[in-house]
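Trainee: Have a look at this one.
Derivation of every value follows stated rules applied to the coordinates shown; laboratory data play no part. All of these numbers come straight from a predicted model, not from anything done at the bench. Glycine also receives a Cβ, built like all others from the backbone with ideal geometry; neighbour counts cover every protein chain displayed.
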Amino acid sequence: MKCINALKIKVDLDILFDELIILQSTYKDLKQYRQTIAEQVRAFINPKFREQITVDESGGIIDDDINDADDDNDDDQRFFHKENKENMHIRTDWFWSYMFSKTTRKCEHFQRLVSYVLSIPCSNAYVEGIFSQMKHCWTASRNLMSTELVSAELKIRMNSRISCTDFFEHILGQTDFLRRVRSTQKYSFVKRRATTDD
C-alpha cells in the first residue's frame, strides 16, 4: 500500500491483494523444491544451467547434482555471489520474472507495480554511461546526425549483445538497410545544391 500511494499507480486494490495471495502461495510451493529459489531462478534464466537439471511433471527441479565448476566461466556468473548454496544472491528482476512465470493466474496488476518499481534507477550511473557513449557517437565529424539516428545508435550500443563480427555479417545480407544507410535521410541538415541562380 505504501508503494502504491507513493508511486500513485492506478490499480484495483482488491485484485492486487488477490494477486499477492497467489504469489505468496506460489512462493511457498517453490520453497518446497529440493533446489533453493536462487538455483531455480538461475535455471530459469540461464539455458546452460537449465540443461544440467531434471524437472518433474509439476515443473519442480528434482536433480541436485549440478557441477558448479563448469558455471564459473559463464557470462552471467557475475550476478551470483556464491559463498555457499544457501547464500546465493540473484537479481530482483530475474526473481520476479520467474515468479510471474510460475503463477497459476496472470498477475497483471502486480506486474505493473513491480515493473514500475524496477524501472526507477537507484543511481545515475547508467545515465552517465549513456552520455559517455553519446560522446563517441556524436563527434565533431558526425555532428549533423538527426537526434533519431543518435538515439537509435545509442540503443544498439547499450542493448545489443551481438559481437561486431556477427553484426557485420548479418548486415551484409540486408540490402534495404544498406541502401538506407547510404541515403541522406539520417541527417537533419541536407546540403543545398548549387543552382545557376546562385
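Trainee: Mind ranking 6-13, 102-109 by how tightly packed they are, going by the mean number of other C-beta atoms within 10 angstrom, highest first?
Mentor: 102-109, 6-13
Trainee: Take the Cβ-Cβ distance between I130 and D14 as r, set R0 to 41 Å, and report the resulting FRET efficiency rounded to the nearest 0.05.
Mentor: In this case the efficiency is close to 0.55.
Trainee: If each residue of separation counts as 0.36 nm, what is the full-extension length gain between A6 and S151 once their alpha-carbon separation is subtracted?
Mentor: Contour length minus Cα-Cα distance gives 49.1 nm.
Trainee: Across the stretch 125-182, how large is the tail of the calculated P(r) beyond 13 Å, expressed as a percent of all Cα pairs?
Mentor: 70 percent
Trainee: Provide the gained length on full extension for the span T104 to T92, in nm with one decimal, where the gain is 0.36 nm per separating residue minus the Cα-Cα distance.
Mentor: Value of the extension gain: 2.3 nm.
Trainee: Could you let me know the centre-to-centre spacing of the stretch 132-188 and the stretch 15-32, using Cα atoms, in angstrom?
Mentor: What the calculation gives is 44 Å, centre to centre.
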